[in-house]
Amino acid sequence: MERINPKMLATTTPPIIAVVNQKGGVGKTTTAINLGAALAELGHRTLLVDLDPQANSTSGLGLDPTRARLNIYHLLTGEADVQQVALPTGASGLELVPSHIDLAGAEIELASLNAREMLLRKALSTPQPGVECVIIDCPPSLGLLTLNALTAATSMLIPTQCEYFALEGLRHLMYTHQLVRSRLNPKLVIAGIVMTQFDARTTLSWDVLESVRRSYPHEVLQTLIPRNVRISEAPSHGKSVIEYDPTCRGAIAYRALAKELLER
Ligand SMILES: Nc1ncnc2c1ncn2[C@@H]1O[C@H](COP(=O)(O)OP(=O)(O)OP(=O)(O)O)[C@@H](O)[C@H]1O
Ligand SMILES: [Mg+2]
């Protein structure tokens, strides 16, 4: 399986990682924010694109989604470019393209546009000066917005919660990956499956890990993201867990995830 090539970080076209899973609440936003903050801490300037109308990445990084003058909608419609829309965050080296609740309605409007799956790809096609990695936080569906993310991305990172129905969701997502590769984006690779909310004390977590590893031995990443209360507290302080509690288990795990993705 192809992986993110660290050498790509030095080229002008940055890797674009779509954090995707059609299942809700599996840790997409948590992973997008904290992987972004960990990459930034490692010195790789990162742009986080909040493509979810819930705008959880935006509010989780302490920005009010109703107050940004320009947001992802303006980027998708071509009314503004990344440089105009991106905002600094509390984490040095991490910038954010904010989302807005109105994006839910706008999705219908976008559906009538020409090349409607290509809007984000076009918007991200001009490399941003100094940006070494782009992360896209996707909504919990496989609709037009997620299709835009998968068409723009170079790889998919799939957070998967250690719970009973994990494998069924993954099969569906792998099918979507093949479909997108054959029709829209032949270069899209799987960066990895990252198991989230892992609780080493429960048999269920170990059982799910084993069955997902058996089905996707090359895709499952070594790094396990533990269930950690500091991770869930951080967004209410408008911070990544890396800033909120740099030494907690959650922060350590997301740093390890960033390093694993850079090394493989
Ligand atoms: N490792 C973790 N430890 C503890 N809580 C976590 C962890 N990961 C995520 N959570 C919590 O689980 C909830 C869902 O996480 P998150 O919002 O990241 O999922 P999501 O996949 O982005 O959801 P949605 O599909 O709605 O966008 C949040 O309340 C988050 O704080
Ligand atoms: Mg989310």
**Study point:** Highest to lowest packing among 52-61, 247-256, scored as the average C-beta count within 10 Å
**Key:** 52-61, 247-256
**Study point:** Stretchable slack from Ala111 to Ser232, in nm (0.36 nm times residue separation minus alpha-carbon distance)
**Key:** 40.1 nm
Check your understanding: Taking the chain as a Gaussian network, where each spring joins two C-alpha atoms under 10 Å apart, which residue of Arg116, Arg45, Arg171 fluctuates the most?
Key -> Arg171
Check your understanding: Say each of Asp102 and Arg171 gets a label point 7 Å from the Cα, pointing the same way as Cα to Cβ; how far apart are those two points in nm?
Key -> 4.2
Point to revise | Two-site label geometry, Asp207 and Ala256: point separation in nm, points 7 Å out along Cα→Cβ | key: 2.4
Study note, to complete from the structure: Of all DSSP beta bridges having both residues in the chain, the percent classed as antiparallel (nearest 5) is 5
Check your understanding: Can you pull out the chymotrypsin sites (Phe, Trp or Tyr not before Pro) in the range 160-216 that DSSP calls coil and that have at most 15 other Cβ atoms within 10 Å?
Key -> Tyr164, Phe165
Review point. What is the calculated FRET efficiency for Ser215 to Arg181, with r their C-beta to C-beta distance and R₀ = 25 Å, to the nearest 0.05?
Key: 0.85
Practice item. Please report the relative contact order for the range 6-263, taking Cα pairs under 8 Å with a sequence separation of at least 6, and give it as a percent rounded to a whole number. Key: 26
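Every read-out reported here was derived from the displayed coordinates using simple, explicitly stated rules and does not represent laboratory data. These numbers come from a predicted model, not from an experiment. Cβ: placed from backbone, ideal geometry, glycine included. Neighbour counts: every protein chain shown.
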